[in-house]
Amino acid sequence: MKPIVCAVRGGPGSHFTRRAALQRAIATEAPLYLLVTIDPDAYHPLHEGEQRAIRAELAWRELALARANASQLGHPEAQFNIQVRVGKLTETIAAFAAEVGAGTILLGEPRDALDATLHGDELATLAAGVGGHTGAEVQVIRPG
């Protein structure tokens, strides 16, 4: 089974996407990568020590949330790999998915307008761009 890449950014919509990815990985026994992306525009003005601290904090947060989700799903032993990457969203997700040979990429839809950095057409463009670069199946997970 080809790996699953679950792209999360930390908003409430990420919760549903992470759970869907864990459920799919548990059911199929496919390797699961939880990918956190950091926009370089917000990241590069920071000191190197601050950059390291941000990457570590994001990785720790994603680990804690994924372990909690796996436990809630009744599979606390679920295996996954967390990656934190800096770069523009489409290119970063596509490059990472190609790197691991992903068969499926899961993207989250923001829960409401306050969470939304991507809106309908932009999210569709992101999904199409990532899919076009990788050949992987791209699914948008809607909160619910």
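When A68 is tested against (1) within 19 Å of P143 (Cβ to Cβ); (2) touching a residue at least 12 places away in the same chain (Cβ under 8 Å), only condition (2) is not met. Scanning segment 70-100 for residues that are part of a loop (DSSP other than H, G, I, E, B) and at pLDDT 95 or above, we see that the one that is surrounded by the most Cβ atoms within 10 Å (Cβ to Cβ) is F80. Among the residues of segment 38-58, is there at least one that is among the basic types (K, R) and in contact (Cβ under 8 Å) with a residue 60 or more places away in the chain? Looking for residues that are among the basic types (K, R) and in contact (Cβ under 8 Å) with a residue 60 or more places away in the chain, one finds none in segment 38-58, hence no. For R55, the requirement of being in contact with a strand residue (DSSP E or B) (Cβ under 6 Å, 6 or more places away or on another chain), surrounded by fewer than 18 Cβ atoms within 10 Å (Cβ to Cβ) and outside any helix (DSSP H, G or I) is not met.
Yes or no: T134 closer than 22 Å to P3 by Cβ, at pLDDT below 85 and crowded, with 17+ Cβ neighbours inside 10 Å? Yes.
The values are calculated or read from the model by the stated rules, or taken from the named source; none is laboratory data. These numbers come from a predicted model, not from an experiment. Here Cβ is always computed from backbone atoms with ideal geometry, including for glycine, and neighbour counts include all displayed protein chains.
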